[in-house]
Amino acid sequence: MDRNKALELVRPHLTEHRYIHTLGVEKAAVELAGKYGADIEKARIAAILHDYAKFRPKEEMQAIVRQSSLPDDLLLYGTELLHAPVGAMLLEKEAGIKDKEILSAVSYHTTGRDSMTLLEKVIFLADYIEPNRIFPGVDEVRELAETSLEKASLKALQNTILFLMKQNQLIYPFTILAYNGLLREIK
Ligand code: DGI
Ligand code: FE
Ligand code: FE
Ligand code: FE
């Protein structure tokens, strides 16, 4: 899949705001891939595709989780998480994307997981630091991203976990496993 095909594929599924975010994730992912030695073209395509399912109705995403091999415990943590694994599933089934590295980077871009691959880290972090993001703490993560993919990803996860806790939101176990995994890698 080339860049234009990927952009054509996602454009009808995204709002203007989310499309601009997607282009920002592409830029950040290409930079991170270059800096840390990931496959630049895979990072580009995974970044463009990462929020493919963001606007699917939640009932549709829940039905896909139930009908597919995706873990059913995803249904117990709110609906915001679902667009990542469901997006990977739909990209494979609807759009014929076969590259497992790209699909797993899409699948884990929201929560992360234990022992993340290089490409998974690149997309996870690019989604967090892309140039249009403005939330508190993002500049600190951008600075860490200059020197360490793992330290920056860990800080992003810590911020997300703290944010979720302050809002009394459930934390998906993969989010915690990603945190533990990165901390172990750094130590
Ligand atoms: O899709 P984006 O907005 O670009 O970013 P994203 O895919 O990282 O999704 C961010 C959302 O996901 C945000 O609302 C927080 C939520 N989230 C991330 N980890 C968890 C989570 N929500 C729950 N309930 N539990 C998690 O572990
Ligand atoms: Fe997302
Ligand atoms: Fe299932
Ligand atoms: Fe995103």
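The values are calculated or read from the model by the stated rules, or taken from the named source; none is laboratory data. Model, not experiment: these values are computed from the prediction. Here the Cβ is made from the backbone with ideal geometry for all residues, glycine too, and neighbour counts use every protein chain on show.
State all residues of segment 70-101 that are over 21 Å from Pro57 (Cβ atoms) and touching a Leu at 6+ places or on another chain (Cβ under 7 Å); if no residue qualifies, say none.
Passing the criteria: Ile97, Glu101.
Quick check on Thr160: is it within 22 Å of His83 (Cβ to Cβ), assigned to a helix (DSSP H, G or I) and in contact (Cβ under 8 Å) with a residue 60 or more places away in the chain?
no
Identify, from the list Glu101, Glu150, Glu130, the residue that is under 17 Å from Ala43 (Cα atoms), more than 16 Å from ligand 2 (Cβ to nearest atom) and in contact (Cβ under 8 Å) with a residue 40 or more places away in the chain.
Glu101
For the structure I just gave you, tell me whether Lys100 is over 25 Å from Ile171 (Cα atoms) and at pLDDT 95 or above.
Spelling it out, Lys100 is indeed over 25 Å from Ile171 (Cα atoms) and at pLDDT 95 or above.
Cβ-Cβ distance below 9 Å, separation of 6 or more or different chains: which pairs start in segment 74-87 with a residue that is of a type in the set (Asp, Glu) and end on one that is within 12 Å of ligand 2 (Cβ to nearest atom)?
Pairs that qualify, where the first residue is of a type in the set (Asp, Glu) and the partner is within 12 Å of ligand 2 (Cβ to nearest atom), are Glu80/Thr110.
Taking the criterion of being of a type in the set (Lys, Arg), modelled with pLDDT of 95 or more and closer than 30 Å to Leu9 by Cβ, would at least one residue in segment 134-149 satisfy it?
Yes, some residue in segment 134-149 is of a type in the set (Lys, Arg), modelled with pLDDT of 95 or more and closer than 30 Å to Leu9 by Cβ.
Which condition from (1) at pLDDT 95 or above; (2) more than 12 Å from ligand 1 (Cβ to nearest atom) is the one that Ile20 breaks?
(2)
Which of the helices (runs of 4 or more DSSP H) contained wholly in segment 1-98 include at least 3 residues that are crowded, with 21+ Cβ neighbours inside 10 Å and within 16 Å of ligand 3 (Cβ to nearest atom)?
83-93
Consider Thr111 carefully, then state whether it is at negative phi and within 14 Å of ligand 2 (Cβ to nearest atom).
yes
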